[in-house]
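Have a look at the structure below, then the notes.
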Amino acid sequence: MYSTVFRWYSRLRRLGVVVHELAHAAAVTISGGEITDLDLTAHVKHRGRYSLLQQLAISYAPVAANSAVAAGMAAAAMRVPGAGFVEQVSTQLGGVIPASVLTPLLQGLLLVIAFAVAAAALPSYTDAKSPYQRFRHNLAVPTLTRLVTLPLAVVVLLACLVPLGFTFLRSRSHGLRVVSELAFATLVVLQATGTVVVVEPATVWAVLGDFVTGGIRIVETAAT
C-alpha cells in the first residue's frame with residue numbers, strides 16, 4: 001500500500017520538479033550564466049562568474065517560483081465555483097458532466113497540481129551548499145566590491161546555515177525528505193486557499209525591509 005502511494009506521489013511530484021529546474025535555469029540566465037546541460041527531471045548544469053547574491057538567487061529560486069506557482073493554482077481553484085466558464089464547458093460537453101460535478105473535479109485537479117508543485121520547492125543539499133562554494137571561490141579573487149560587502153556576505157551565509165543543515169539532514173533521510181515535502185506543500189496550499197494563515201504577508205515584507213535596511217547599513221559602515 002505504502003509503495004503504491006509513494007509511487008503515485010513521485011509521479012505527481014515530477015510536475016514540481018519541472019518548475020524547480022526551470023526556476024534554476026531562469027535564475028542562471030538572468031545572472032548571465034551559461035546553461036551547459038538542462039534536464040527538467042533532474043538538474044541544471046551551468047557555468048558563470050556569479051556574485052554571492054546571484055548564486056543565492058540561483059540556489060533558492062525554486063523555493064520562490066514553485067511556491068508562487070502552487071499558491072496561484074490553489075487560489076485559482078478556490079475561484080472555480082461560480083465561474084462562468086464551468087457552465088460553458090459543461091454545455092460544450094453536451095451536459096454529460098453537469099457543472100455541479102465538473103466544479104469539484106476542476107478544483108481537485110488544480111489543488112493536486114498545486115500540491116505537487118509545492119512539494120518540489122525545497123532546495124537540495126547541493127543547492128544550499130553552492131553559495132558557500134561560491135563565497136570561497138570569490139574570496140580567492142578579492143575585489144573592492146567583495147571586500148566592502150564582506151560583512152553582509154558573512155551575515156547572509158550565517159543565516160543560510162539553517163537551510164544548509166536541514167537540507168543535509170534531508171539528504172541523509174528519505175523519510176525526512178518526504179515528510180518535509182508533504183508538510184511544506186500542505187502549508188503552501190492551506191495558506192493560498194485561505195484555510196489557515198501560516199504566514200502574514202505584511203510581516204514577511206516588514207522582515208525583508210528590515211533585512212535590506214540592515215544590509216545597507218553594514219555596507220555603508222564597512223565603506224567608511
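The values are calculated or read from the model by the stated rules, or taken from the named source; none is laboratory data. Just so it is clear, the structure is predicted and the values come from calculations on it, not from any experiment. Counting neighbours? That spans all protein chains shown, and the Cβs are built from the backbone with ideal geometry, glycine included.
Key figures for this structure:
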{"quantity": "The stretch 165-198: number of residues that are modelled with pLDDT of 90 or more, more than 15 Å from Ala128 (Cβ to Cβ) and among the β-branched types (Val, Ile, Thr)", "calculated": "5"}
{"quantity": "Unique residue being of a type in the set (S, T, N, Q) and touching a Pro at 6+ places or on another chain (Cβ under 7 Å) when the list is Thr91, Thr103", "calculated": "Thr103"}
{"quantity": "Boolean, Thr126 is of a type outside the set (Phe, Trp, Tyr), assigned to a helix (DSSP H, G or I) and touching a strand residue (DSSP E or B) at 6+ places or on another chain (Cβ under 9 Å)", "calculated": "yes"}
{"quantity": "Wholly enclosed helices (runs of 4 or more DSSP H) of the stretch 1-92 bearing at least 2 residues charged (D, E, K, R)", "calculated": "2-30"}
{"quantity": "Qualifying residue in the stretch 78-97 (condition: more than 22 Å from Leu176 (Cβ to Cβ), within 22 Å of the chain's Cα centre (by Cα) and touching a residue at least 12 places away in the same chain (Cβ under 8 Å))", "calculated": "yes"}
{"quantity": "The stretch 18-52, subset closer than 21 Å to Tyr125 by Cβ and acidic (Asp, Glu), residue surrounded by the most Cβ atoms within 10 Å (Cβ to Cβ)", "calculated": "Glu21"}
{"quantity": "Qualifying positions in the stretch 1-17 - touching a Ser or Thr at 6+ places or on another chain (Cβ under 9 Å) and surrounded by 15 or more Cβ atoms within 10 Å (Cβ to Cβ)", "calculated": "Val17"}
